[in-house]
Amino acid sequence: MRRAMDNDTNTAAMPAIPAMPTTPEQLFAALDALGIAYATVKHPPLFTVEQSRALRGQIPGGHTKNLFLRDKKNALYLVVAEEDAEIDLKGLHRLLGASGRFSFGSADLLAEVWGVAPGAVTPFGAINDKEARVTVVLDAAMMQHETLNYHPLVNTMTTSIKRADLVKFLEFTGHLPRIERVSGHAADAP
């Protein structure tokens, strides 16, 4: 686990957000500069939640899925929940106050805004969204875990981070996360 420098609240000491797309090494440097501790495990490429289940013995903490969504007016959302959470995509737009039902953002849009490829979607992609186009929604059930696991911008590694440090990182990038219960809701009538 890397331990970062002192947690200085002086904004002059805050790290600069690198030009997009950010590499995992640049992400780790930003975490270090923010005083955020983390641990990273390298592994073969993982593209699905099912493939990542094989790592459970090596990586403790909450394991997650990330949904890159857009509404009818092209507002963008990243919904982050536990890997086995049931999320009602038909009714989620009402819960989050979006304009019309959600659809998945394209791979091109994901790369343009979040700086990652499908299979590597992660809240760490916020470091690339300098215009804060994406609303980040963290499922309240997932946030019950002290430690959470995400790909560090590529799907050949998994990085563990404390939940409070995830929020700190997101706030640093200009993405004040919404922590809401998005899993386990029954579908509402349209």
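Packing, as the average of other Cβ atoms within 10 Å across residues, places the peptides 22-28, 115-121 in the order 115-121, 22-28, highest first.
Taking amide hydrogens as placed 1.01 Å from N in the peptide plane, the amide H of Thr135 sits under 5 Å from those of Leu76, Tyr77, Leu78, each at least 5 positions away in sequence or on another chain.
What the Cβ-Cβ distance of Arg133 and Lys73 gives, at R0 = 22 Å and to the nearest 0.05, is a FRET efficiency of 0.95. Dimensions of region 22-180 along the principal axes, based on C-alpha atoms and rounded to the nearest Å, stand at 39, 30, 28, largest first.
Distance between the pseudo-spin-label points of Ala85 and Leu109 (7 Å out from Cα toward the beta carbon): 2.0 nm. Counting beta carbons within 10 Å around each of Ile179, Ile36 and listing the fewest first gives the order Ile179, Ile36.
The simple spin-label model puts a point 7 Å past each Cα toward its Cβ; for Ser99 and Glu25 those points are separated by 4.2 nm.
Shown for region 22-180: lysine pairs separated by 8 or more places, or found on different chains, whose C-alpha atoms are under 20 Å apart, numbering 8.
Where a number appears in this text, it was derived from the coordinates with a stated rule and is not lab data. Predicted, not measured: the structure shown is a model, and the values here were computed from it. When we count neighbours, we look across all protein chains shown, and the Cβ atoms used for this are built from the backbone with ideal geometry, even at glycine.
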